[in-house]
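Working notes for the structure below.
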Amino acid sequence: MSLGVAVIGAGVMGSEHARLVREETSGAHLVAVCDADPARAEAAARGARVFDDAHALIASPDVKAVVIASPDATHAEYALACLAAGKPVLCEKPIAATAAEGMKIVEAELSLGRRLVQVGFMRRFDAAYREMRRTLASGRIGEAVLLHNIHRNLAAPDWFTGAMTVTNSFVHEIDISRWLLGSEMLSAQVFPAGPAGLLMIVMRTAKDEVVSTEVNINGGYGYHVHAQLVGTKGTIEMAPPTHTLTNAAGEHGFGFPRDWIPRFAQAYRDQMQAWVNAAREGMVVGASAWDGYVTSAVAKRIVAVMDKGDAARIALPEPPPLYLGA
Ligand code: ISE
């Protein structure tokens, strides 16, 4: 039976998730969209029901699974309500505005005795990152030593505060670096560079790998994500994520999109299909609530030192058995 999916939040990501459910996902249909702005909700719903109260949407009997794409500060409240209703959730990153709220979601799953939350770390579904992980596992480039990440946005909106560079953008590198290397982060140091919005963050893992990341929320030319993994016997890095190269105006090359949706279009599609397939089987794939909590806990330590230039030690609790092997 087709899964009735509802989307909370009809901004850039919520509208895209609603479109994916409507047009590009098999085994699911869009039943409702909720947003404080009714016009935005109507536009994303395209005939599905519209709510202005997320709790009423979660309680609705035809809503069998929920995508949370509302502002970061509301994620935990809605994820906890979905868990209380026993409904599977695809929650946009970050899982919560604080690590403590992220832990509440973990605790709610522990008391239910099962996992219902997938966090929308869509890079885990990206073909390039997947190939880098497979290549490392094959032994072809030896043991991992270094991971260099670049994460540039075109321009940050006014409401994007300093800490959000870490809690909203850099959380992607925290998650994907843990996933690629299979290591937890032990320490981090932040080197602010140039004008506001550019951070160089260097982390060391429990296996002594070094992860360097340029997070630049005002890169000025487009959306650009790159990674290069250095091993003891070779390296693997992303090739330009385009299918074509253009010759025009005396130049040869490819363009950068304005935001992450075109760059990660297939990853978002695959993430949605994988979530729906798993939810229909009563399972969860992708990043777990524990992964979401860990990224927020690491982000919190980084935010605490980012203005001081100190190195932060990162101490994480052991994962509960529910999350082992997840
Ligand atoms: C945005 O919210 C996203 O999730 C994008 O994937 C990320 O690259 C961007 O920096 C964030 O602001």
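The values are calculated or read from the model by the stated rules, or taken from the named source; none is laboratory data. Here the structure is a predicted model, which is why all the values come from computation and not from measurement. Note that each Cβ is placed from the backbone with ideal geometry, even for glycine, and that neighbours are counted across all protein chains shown. Please note that ligands, DNA and RNA were not included when accessible areas were found on the heavy atoms of the full protein model with its side chains. Shrake-Rupley method; radii C 1.70, N 1.55, O 1.52, S 1.80 Å.
List every residue whose amide H lies under 5 Å from the amide H of residue 186, counting only residues 5 or more places away in sequence or on a different chain, with H placed 1.01 Å from N in the peptide plane.
Close amide H contacts, sequence-distant or interchain: 204, 205, 206.
Rolling a 1.4 angstrom probe over the protein chains, ignoring ligands and nucleic acids, what is the accessible area of residue 221 in square angstrom, nearest 10?
100
What does DSSP give for region 121-219 in terms of the percent of beta bridges that are antiparallel, rounded to the nearest 5? Don't jump to the answer; show the numbers that get you there.
On the way: 14 of 21 bridges.
In region 121-219, approximately 65 percent of DSSP beta bridges are antiparallel ones.
Taking the Cα centroid of region 228-243 and of region 1-63, what is the distance between the two, rounded to the nearest whole Å?
Using only Cα atoms, the two centres lie 37 Å from each other.
Kirkwood Rh and Cα-based Rg: tell me the resulting Rg over Rh for the chain, rounded to two decimals. Mind showing how you got there, number by number?
Numbers: Rg = 19.6 Å, Rh = 20.4 Å.
So for the chain, dividing Rg by the Kirkwood Rh gives 0.96.
Using just the Cα positions, wrap region 173-326 in a convex hull and report its mean projected area in square nanometres, one decimal place.
Projected area, direction-averaged: 12.4 nm².
Cα-Cα over 32 Å: which of 87/207; 93/207; 93/308? Walk me through the numbers on the way to the answer.
Values: 87/207 37 Å; 93/207 26 Å; 93/308 26 Å.
Over 32 Å Cα-Cα: 87/207.
Using the Cα centre as the reference, give the magnitude of the dipole from point charges on the C-beta atoms of the chain (Lys, Arg: +1; Asp, Glu: -1; all else neutral), rounded to the nearest 20 debye. Please list the in-between numbers first.
Numbers: 30 positive and 34 negative charges, 132 e Å.
Computed about the Cα centre, the dipole is about 640 debye.
Beta carbons within 10 angstrom, averaged per residue: use that to sort the peptides 100-111, 157-168, 60-71, 39-50, highest first. Don't skip to the end; give the middle numbers.
Working: 100-111: 18.8, 157-168: 15.7, 60-71: 20.4, 39-50: 17.2.
Top of the packing list down: 60-71, 100-111, 39-50, 157-168.
Over the heavy atoms of residue 58, what accessible area does a 1.4 Å probe trace out, to the nearest 10 Å²?
Number for this one is 10 Å².
How long is the gain from residue 310 to residue 84 if the chain were fully straight, where each residue apart is worth 0.36 nm and the alpha carbon distance is subtracted?
On the way: separation 226, 0.36 × 226 = 81.36 nm, distance 4.04 nm.
The span from residue 310 to residue 84 would gain 77.3 nm if fully extended.
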